[in-house]
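Only one structure is covered here, and it is reproduced in the block below.
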Amino acid sequence: MNMERILKERRSIRKFKAEKISDSTINELIEAARLAPSGSNKQPVRYVIVKSDEMIKELGECTSVPFVSKAPLVLVCCVDKKTYKLSNASKIDEIDFSKLSEQEKAVIEYNKKRSEWDDSTLMAYLYLNAGISLEHVVLKAVDLGLGSCWIRLFDVVKVKRMLKLEDRYEVVALLPVGYPDEEPIARPRIDLEEVILKTL
Ligand SMILES: Cc1cc2nc3c(=O)[nH]c(=O)nc-3n(C[C@H](O)[C@H](O)[C@H](O)COP(=O)(O)O)c2cc1C
């Protein structure tokens, strides 16, 4: 499908056919995520693939959104909080900056600054990366004839416990995916003029 059609035809899909999604198709979705850009190419986004009926039902109990438990597949988008933590931050002070190019110096300074970010700044950055990655999946799903819907309304603690995730992972969103069993009309969007804040 061409890009214009994908962008125009994508909808949040909340009703799915029972048909299961093949492993090769699931891999194509995850491949779209893998190709997403990320800050300093650190690639902090991870997915839990939930395809067993039993686990999907359990996930459904972690959210008040009713259709999650009826999807044939749920992708759980997570971020690894350790990605942007420098393991060798203390060693930065030992680097001989006089031997580095201006660009190398800037990268090291930026990485050092980032390793000192407070938790909320770090989380905002991780969420930014997750958003890009997951939207790649959403658009690839349309390309493959699938529908999906971003879900943010869920109990993070319950989901983490249910999936037995280590502390380093934070759950950002659930993405129920399936073959659409509805054709929602396009939801309204603001005008182009409103999107453009100013042209300088
Ligand atoms: C970050 C984000 C969170 C969302 N969370 C939910 C959600 O918890 N439940 C839900 O039914 N839809 C959710 N949606 C879907 C939006 O309601 C939907 O994208 C919006 O109404 C526009 O409709 P469209 O996607 O069909 O164009 C979410 C979308 C985004 C981008």
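Note on the chain: helix-only mean residue ellipticity at 222 nm, from DSSP H runs of 4+ residues weighted -39500 (n - 2.57) and normalised by residue number, equals -11500 deg cm²/dmol. Among residues other than residue 140 with Cβ under 10 Å from its Cβ, the summed charge is -4 (Lys and Arg +1, Asp and Glu -1).
For the chain, the convex hull drawn through the C-alpha positions has a volume of 174 cubic angstrom per residue.
Expressed as a whole percent, the accessible area of the chain that falls on carbon and sulfur atoms is 53 (1.4 Å probe).
Charge dipole of the chain (Cα centre as origin; +1 on each Lys and Arg Cβ, -1 on each Asp and Glu Cβ, all else neutral): 260 debye, rounded to the nearest 20. Largest accessible area first, the listed residues 118, 143 line up as 118, 143 when surface is computed with a 1.4 Å probe on the assembled protein chains.
Within the chain, which whole H helices from DSSP have a Cα span along their axis of at least 30 Å and a mean Kyte-Doolittle hydropathy of 0.0 or more, if any? Length and hydropathy pass: 119-143. Calculated accessible area for the stretch 1-68 comes out at 64 Å² per residue, all protein chains present (probe 1.4 Å; ligands, DNA, RNA ignored). Pairs with C-alpha atoms separated by more than 32 Å, drawn from the list 51/81; 99/198; 8/198, are 99/198.
The values are calculated or read from the model by the stated rules, or taken from the named source; none is laboratory data. Here the structure is a predicted model, which is why all the values come from computation and not from measurement. Here Cβ is always computed from backbone atoms with ideal geometry, including for glycine, and neighbour counts include all displayed protein chains. With ligands, DNA and RNA removed, areas are computed over all heavy atoms of the protein, side chains included. Shrake-Rupley method; radii C 1.70, N 1.55, O 1.52, S 1.80 Å.
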